[in-house]
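Each remark here refers to the structure printed beneath this line.
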Amino acid sequence: MNILGIESSSKQCSVAISVGKDIYESSSAINNDSATSLPVMIEKMMNKLSLTFKELDGIAVSMGPGSFTGLRIGLSYAKGLALTLNIPIIPISTFDLVLLPRVKDLTEDLVTVIIHSHGSTVYQSRYILKNDSYISEEDPTSISIKDLSSKNNGMIMYYGPEHLIDSINTLSSNVNLVAPAVKDILEIGMKNFDLLKTKSINNLVPNYIGSFNTGK
């Protein structure tokens with residue numbers, strides 16, 4: 001199965017292609033340059049692998065939360081390509097992208113994923129361990145760091161700038177710095193292809209979660 005992966009939730013856009021069991025990756029050397037770098041990276045990689053777009057079976061793409069512009073560009077590109085090729089999109093939550101690749105090493109009853117939004121505002125999603133699976137405790141929220149509770153966060157997985165780490169460290173004794181990886185988008189997408197794939201893409205929109213005025 002040949003799947004194209006697009007990770008544009010962060011400042012640095014990354015792409016990957018799975019060819020059989022092999023995964024090939026490429027990342028933009030310039031931050032906040034998704035509109036220019038995304039199509040160029042994909043075309044170069046396709047040429048390098050001697051693949052045509054018609055040989056793609058699907059597109060796994062990050063849905064957010066994350067960079068407002070990056071997510072919009074990544075999903076728009078994926079939609080256009082999916083419509084042209086009549087192939088499905090596999091939408092991947094950034095929270096799942098952070099959590100799922102690390103689940104096999106976890107034993108905590110509660111895991112809180114915190115993703116930086118802007119300024120002192122973050123996105124938060126809490127997961128509880130139930131029947132050997134991590135289940136979302138409640139809908140994700142957009143919240144100011146100063147309003148985050150320091151009570152019962154369990155392990156924290158934090159994705160964001162290091163200058164905020166001191167504030168994050170006050171929330172738990174077990175804080176892990178993490179980052180989404182495009183290869184994980186492909187692995188999640190391939191593993192859950194039949195469950196997540198969709199050709200009903202008109203209603204697919206980036207998951208921005210909250211107002212961008214939150215915390216200001």
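For the stretch 105-190, the list of GluC sites (Glu not before Pro) that fall in a loop by DSSP and count at most 15 other C-beta atoms within 10 angstrom reads E108, E137, E138. Its relative contact order, with pairs defined as Cα atoms under 8 Å and 6+ residues apart, puts the chain at 22 percent. In straight-distance terms, cross-link reach from K11 covers every one of the aspartates and glutamates whose alpha-carbon lies under 12 Å from its own, apart from those fewer than eight places away in the same chain; here that gives D33. The mean sequence distance of close C-alpha pairs (under 8 Å, at least 6 residues apart), as a share of the length of the stretch 95-177, puts its relative contact order at 28 percent. For the stretch 95-177, DSSP calls about 65 percent of its internal beta bridges antiparallel. Under the convention that each Lys and Arg Cβ holds +1 and each Asp and Glu Cβ holds -1, the size of the dipole of the chain around its Cα centre is about 440 debye.
Say we join alpha carbon atoms closer than 10 Å with springs in a Gaussian network model of the chain; which of A78, A29, A16 then has the biggest fluctuation? Of the options given, A29 has the highest mean-square fluctuation. From the square roots a ≥ b ≥ c of the eigenvalues of the alpha-carbon gyration tensor of the stretch 66-125, which class results: rounded (a/c under 1.5), prolate (a/b over b/c), or oblate? The shape class here is oblate. Scanning the chain for DSSP H helices at least 24 Å long along the axis (C-alpha atoms) with a Kyte-Doolittle mean no lower than -1.0 picks out 68-85.
Starting from 0.36 nm per residue, how many nanometres of slack lie between K146 and A35 once their C-alpha separation is accounted for? List each step's numbers first, then the result.
Details: separation 111, 0.36 × 111 = 39.96 nm, distance 3.37 nm.
That works out to 36.6 nm of additional length.
Counting only residues at least eight positions apart within a chain, or on another chain, the lysines with an alpha carbon under 17 Å from that of K191 are K21, K104, K183. Kirkwood-type hydrodynamic radius, the chain: 17.8 Å, calculated from all non-identical alpha-carbon pairs.
Near S28: Cβ cut-off under 15 Å, other residues only, Lys/Arg at +1 and Asp/Glu at -1. The net charge is -2. For the stretch 39-77, backbone nitrogen atoms closer than 20 Å to the point 7 Å from H118 Cα along Cα-to-C-beta are found at 63-76.
Overall form of the stretch 95-177: prolate. Here a/c, set by the Cα gyration tensor axes a ≥ b ≥ c, is 1.5 or more, and a/b is the larger of a/b and b/c. What separates the Cα centres of the stretch 168-188 and the stretch 28-105 is a distance of 19 Å.
No lab work stands behind these numbers, since they all come straight from the coordinates. Owing to the predicted nature of the structure, the values given are computational and were not obtained by experimental measurement. Counting neighbours? That spans all protein chains shown, and the Cβs are built from the backbone with ideal geometry, glycine included.
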